[in-house]
Each structure stands twice: as C-alpha cells, then as structure tokens.
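J.: Starting off with a structure, shown below.
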Amino acid sequence: MRAVINPVELFVGLRYLRAKRRTRFVSFITLISLLGIALGVAALIVILSVMNGFEGELRNRLLSMSAHGFVSRADGRNDDWQELAAEVAAEPGVAAAAPYVSMEGMIQSGRDLEPVIVHGVDPAWEAGLSGDLINLVEGRLESLTAGSRGVILGRLLAFDIGARLGDGIVLLIPRPVGDGTMEPVLERFIVMGVFEAGLQDHDARLALVGLDDAAAIMGLDDGVTAIRFRADDVMAAPAIAAKIAGRLDGVETSDWTIENASYFRAIRLEKMMMSLILSLIIGVAAFNIVASLVMVVTDKTTDIAVLRTLGMGPNGVVRVFFVQGAMIGWAGVLIGIVLGTLLAIFVPDIAPALERLFGFQIMPGDVYYVTQIPSELRWKHVVIISVAAFVLTSLATLYPARRAALVEPAVALRYE
C-alpha cells in the first residue's frame, strides 16, 4: 500500500465523514468515540501532572530537613571534616556543604517515651545549607550553640511527648564502645524550638541539637558523622555524589534518591498504574472507532463497489476509510491535548473554585499535609501521551479499512 494519500482518496474520506447516514446511530457512535478519546487523553495529562506536582511537593518537603547528598569516610568517623567539607564544597554544582552528626535513640518528657532520630548541626554551617528552608514554628536555629544543651523538635514529636519551649527532655542514645558493643547515654536537653517540615517522618521522629553536643554524646570528640551538601540542581545530586566518590579516596557517598528511594518508588508505581487504568478509556474509544467504521463500511458497500468499478484499487479504498477513522481519532486527541493542558495548568485555581462552589474541601488540613492540589505539567509526558493516542487510534482504522477493501464490486452491485 502506498504511504501517500492522493487528493481523491482524501476528498472521499472527508466526504464520508460529513455525509448524512441512513441512521443517526453511526454518527452517535462516532461522537462518543471522539469524546472518549478526548476525555482519556485529557485525564491522562491532568492526572500525570497532578502526580508530578505531588512528587515535587514530597521532594521539597523531604529535602527541607535533609540534604541532596552525603559524603563520609569509610570507617564512619570524620575527624578532618573541615578539609573534607572544603573538598565537597569545591565540587562544581555544589551550592553549600555542612557537617552533621546522626544519632538514633529515645526521647523522654515526663512519662512519655518516643523513638527519635537526632541530627547534630552547626547553625553557622547550616545557614548556608538549609537554614532558609527549615520551617521553624517557634525558636531560632541559632540557639543550638556549643554547650547550650538546646534541642529543636518536630511539631508532632513535641506534641506526642507534651513538650513546650523551655521544658526539659531526656535523650537516651546508644553509643558504640571499643569492643563493638553499645552503652546507653542519658543526656538532658532544653526545648528551644519547634519545626514543621510537613512530612510525617520528619515532624514525628526528628530532633536537632548542637553539633558539639551530638559529637560529645557519640564520643566523636571533634569529629562528625558525615558531610552533607546541597546542589544547585537537585536532580544533578546523584551525578555530583558519584563524581565526589571518584575524585576523593576513602570516602563513601549517597544522595537523596537513595535515602528516600521507597517514597519515589511508590509514586512511580502509582503513576504507572493510573496511566494504565486511564489508558483503558482511550482503548474503549478506539474500539468504538472500529465499530462505527464497520457500520459505515456496511452502509457504504454500494459506494465502495462504484469506486472499485471506476478504477480505485483495494489499497485506495483502505486509504479512504483510514482518512475517515484517523480524522475522528486525531480530532479527539487534539481536543484532549488542549483540554488536558489547560486543566493541568489551571488545576490549582480550579480546585479552590470547586471547593467554594460545592462547599467542601478536597484535602482538609487536619488530614493531609498538602491542602492544595499541586500540578507540574511536563511536556515530555504530553508528547508521549499524544503519540501513543495517535498510534492507537490510527491502528483502530486498519481492520474496517481492510474489510472495505475486500468488497467485491460484482457481488455488491448484483441487486442494484
């Protein structure tokens, strides 16, 4: 079959698309097919954009109390951390680097005891790394000075143990000793602040103390656990971590994609499943195109026979009905692209308007951390969805078009 559609075939195919049918049912099926494809394409674009928005929101909240990458010595102890921090900060693409000490243990206030992850930070270094990203509800990061014995708690953690500003808390931290065993260390701290990251794992499990206080608890003297860094481009952090590991001897690196792999794996799985489910809408609409074209072929059997007797070959008949079916499918795809793109761009404004109109809140603040529906339109996804829909709707025209080509002129015109 020639790939090029000549003007006669194009004219006849478009003429059949506009022609009145003997029954309106075929036209109704055609309309349903077009609307189904448009709805499926638009839904895919909007849902993927919203999922991208939630992924970006999760990433921002995760990294508000963390870093893009981590660099540490192979033995887990970094006594010369100033030199290592300077080496990390000198790597192209690194915006800032800072030392920290990581500990796990229990926290007690009164009779309440909760598990806790403690990060020892230096406010002077942390200000360049993530100081402007930490959402402090109460207190100041600068209060975590050496010897202050101050602690800043996550909002939910402070609520769970009933701790307020100025209250005393006790940290129970297991510290490794020389023979490979652990010994418990009890240290008393004063609550000097509360932060809210907007993420359950941080708000309910994380506490910040001064770097020197944390190092003393872990017996590190002047050492730290690792150097954290923030990249100019968060998506470039894995590559930067790999370059640092290759450039510096005796270091181990990690990045935010490894530390939080389970979160983003879950989101990718949800996006894949939502895409598969919504693709069924386009699939059903494509089957409707097949059904409508089969009925058109049955209705136009005599016309097909006349075209054949006038010299049009079987491949020409195929192209006539391909034009008709492709125009239905492609029109639906184009409408879906426009509708889906507009909805994806304006969904943060449309959702509040619907909430005011119907008097309900889609994502109430007492249940969800995110109270507004985020959206991030990625043109790569729009292109992939569009191409896939174009291909699917084009393939749907092949069977009825081939069936039209098999019409025998003599048989079709026998009783005419």
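The values are calculated or read from the model by the stated rules, or taken from the named source; none is laboratory data. Here the structure is a predicted model, which means the values were calculated and not measured. When we count neighbours, we look across all protein chains shown, and the Cβ atoms used for this are built from the backbone with ideal geometry, even at glycine.
J.: Give segment 46-103 a look and list any residue that's assigned to a helix (DSSP H, G or I), touching a helix residue (DSSP H, G or I) at 6+ places or on another chain (Cβ under 9 Å) and aromatic (Phe, Trp, Tyr), or say none.
T.: Of everything in segment 46-103, just one residue is assigned to a helix (DSSP H, G or I), touching a helix residue (DSSP H, G or I) at 6+ places or on another chain (Cβ under 9 Å) and aromatic (Phe, Trp, Tyr), namely 54.
J.: Moving on. Could you give every pair whose Cβ atoms fall below 9 Å, whose first residue belongs to segment 331-355 and is in the same structural domain as residue 33 (by TED's automatic domain parsing), and whose second residue is charged (D, E, K, R) and at pLDDT 85 or above, counting only separations of at least 6 or pairs across chains?
T.: Hits for this filter: 344/376.
J.: Residues that are among the charged types (D, E, K, R): which strands (runs of 3 or more DSSP E) entirely in segment 119-215 hold 1 or more of them?
T.: 136-139, 168-176, 182-195
J.: Just checking, how many residues over segment 74-90 are surrounded by fewer than 20 Cβ atoms within 10 Å (Cβ to Cβ) and closer than 23 Å to residue 261 by Cβ?
T.: 2
J.: Specify which of the listed residues (279, 262) is more than 14 Å from residue 94 (Cα to Cα) and either surrounded by 14 or more Cβ atoms within 10 Å (Cβ to Cβ) or among the aliphatic types (A, V, I, L, M) (or both).
T.: None of the others qualify; the one that does is 279.
J.: Would you be able to tell me the number of residues in segment 114-150 that are hydrophobic (A, V, I, L, M, F, W, C), surrounded by 14 or more Cβ atoms within 10 Å (Cβ to Cβ) and without any contact (Cβ under 8 Å) to a residue 24 or more places away in the chain?
T.: Total meeting the criteria: 1.
J.: Right, residue 168: farther than 18 Å from residue 136 by Cα and surrounded by fewer than 14 Cβ atoms within 10 Å (Cβ to Cβ) or not?
T.: Against the criterion (farther than 18 Å from residue 136 by Cα and surrounded by fewer than 14 Cβ atoms within 10 Å (Cβ to Cβ)), residue 168 does not qualify.
J.: Please specify each residue of segment 174-220 satisfying the condition of being surrounded by 14 or more Cβ atoms within 10 Å (Cβ to Cβ) and of a type in the set (Gly, Ala, Ser).
T.: Those that are surrounded by 14 or more Cβ atoms within 10 Å (Cβ to Cβ) and of a type in the set (Gly, Ala, Ser): 193, 197, 198, 204, 207, 210, 214, 215, 216, 219.
J.: Further, regarding this structure: Please specify each residue of segment 97-128 satisfying the condition of being more than 19 Å from residue 223 (Cα to Cα) and among the small types (Gly, Ala, Ser).
T.: 105, 109, 110, 127, 128
J.: Within segment 264-283, how many residues are touching a residue at least 60 places away in the same chain (Cβ under 8 Å) and farther than 18 Å from residue 337 by Cα?
T.: So the answer is 4.
J.: Which of the residues belonging to segment 38-60 are farther than 17 Å from residue 346 by Cα and buried (at least 22 other Cβ atoms within 10 Å of the Cβ)?
T.: 38, 40
J.: Still on this structure: Which numbered condition trips up residue 45, out of (1) in contact with a His (Cβ under 9 Å, 6 or more places away or on another chain); (2) of a type in the set (Val, Ile, Thr); (3) modelled with pLDDT under 85?
T.: (3)
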